[in-house]
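The values are calculated or read from the model by the stated rules, or taken from the named source; none is laboratory data. The structure presented is a predicted model; accordingly, all values stated were derived computationally and were not measured. For neighbour counting, all protein chains shown are included, and Cβ atoms are generated from backbone atoms with ideal geometry for every residue, glycine included.
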Amino acid sequence: MKLTNVLMMAFFVLCSFGITSCGDDEGDTGIPLQPSIDKIEMEDEGGEIAISLNTEDFIIAGVVDKTNGKDQYITGEIYAVDGESTRYDERLYLEGMGQLQAAWNGGSFCIVRDTPSSLKVIVDEKITVTAFGFAIILQSSKNERKAIVVRQKGSEGYTFDKIAYALPKAVSGLGTYITPLQTIPPGVSGKYPLYPYHYIDDTRVVSYFRSDERNAFAWMDNGKIEVEVPSGIKDNLIYYDKTKHPYDESTYLKPGDLDENTTVVMDVPAGKSAFYIKFNVQYLNFPYALTLTNNRTGAKKEFKGTWIEGSFTGDYEIVWIR
């Protein structure tokens, strides 16, 4: 047997037993990229899933929308490991430690890589009836790709249970409404009749719901849920308006207590002919807790916020300037 034939046989034997890389890049372990789970199914309430990987040699090359089959890359925010946002509204990718966040196509999620060989996938509760899905694309330094597919069911919605209000601890705030500059006819001095409330553009009471909690108004269509609202306080008790209002972020107006025909006689200072009026505005903040019932699980969800009511107190000050 020729020497060349012997050498060729030895080469193939070594390759078959993995003693040499046989053309692969030096350092390749031959271990395929493998997450501990590559398909995640979630209910509409969302949740958090921990994923471990068999290697540290990977990046997140992108996140793809799988909701409608168009496989569009998702954009969002990219955060460094210290929580500082590094990029806004960019195609999601992550080369090292950090996290990705996005609100997309009716769903929202966060992907966290806080150790070299693990991921956490946090999916927020779905507030729309359509399902949501996305794929996390992992890529190794050998350009091997692996997808982790996450699918979330659409929301079955919530039913209104109750709303409860608490007394404001005190008058929640005072504001000031200042009229434009007013003048009186030349040559007038001494007593001058004035209709002070005629200088207010709108004397109606302004009321609205406010909440800092996420999705506090997203669980029902505007105008669909009507709730009772406070109309005032007497003897340390809350009195309620006869008319219910939709639970939403709209502003509501109702007639106030000011009599726009009120007349006062003011003394005109000598040499003065221009003035403005400062009216006091009172704000009452009624804390509330709104309770909803999950249509699928029966679990309760509570949102806290404030019913704010602003009205003119009737007090005012006339300020002469010239």
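Some notes on this structure:
- Of all residue pairs spaced 6 or more apart or on separate chains, those with beta-carbon atoms under 6 Å, a first member in the range 40-56 that is farther than 18 Å from LYS66 by Cα and a second member that is in a loop (DSSP other than H, G, I, E, B) and charged (D, E, K, R) are GLU45/GLU125.
- Only one entry in LEU290, LEU258 is in contact (Cβ under 8 Å) with a residue 60 or more places away in the chain and in contact with a helix residue (DSSP H, G or I) (Cβ under 9 Å, 6 or more places away or on another chain), namely LEU258.
- Failed condition for PRO32, given (1) at pLDDT 95 or above; (2) assigned to a loop (DSSP other than H, G, I, E, B): (1)
- Residues of the range 218-268 that turn out to be small (Gly, Ala, Ser) and in contact with a Pro (Cβ under 8 Å, 6 or more places away or on another chain), as a count: 1
- Criterion applied to ILE233, ILE200 was being crowded, with 17+ Cβ neighbours inside 10 Å and either among the aliphatic types (A, V, I, L, M) or modelled with pLDDT of 95 or more (or both), and the one residue passing it is ILE200.
- Considering the range 262-281, the residues that are of a type in the set (S, T, N, Q) and modelled with pLDDT of 90 or more include one that is nearest to SER231 (Cα to Cα), namely ASN280.
- Here ALA61 clears all of (1) closer than 16 Å to ASN143 by Cα; (2) at pLDDT below 90 except the condition numbered (2).
- The residues in the range 77-102 that are more than 15 Å from ALA61 (Cα to Cα), in a loop (DSSP other than H, G, I, E, B) and of a type in the set (Gly, Ala, Ser) can be counted, and the count is 2.
- The set of residues from the range 263-313 being among the small types (Gly, Ala, Ser), assigned to a strand (DSSP E or B) and surrounded by fewer than 16 Cβ atoms within 10 Å (Cβ to Cβ) comprises ALA274, ALA289.
- Subset of the range 72-89 that is surrounded by fewer than 10 Cβ atoms within 10 Å (Cβ to Cβ) and of a type outside the set (Ser, Thr, Tyr) - its residue that is modelled with the lowest pLDDT: GLY83
- The requirement of being loosely packed, with under 13 Cβ neighbours inside 10 Å and at pLDDT below 95 is satisfied by GLY190.
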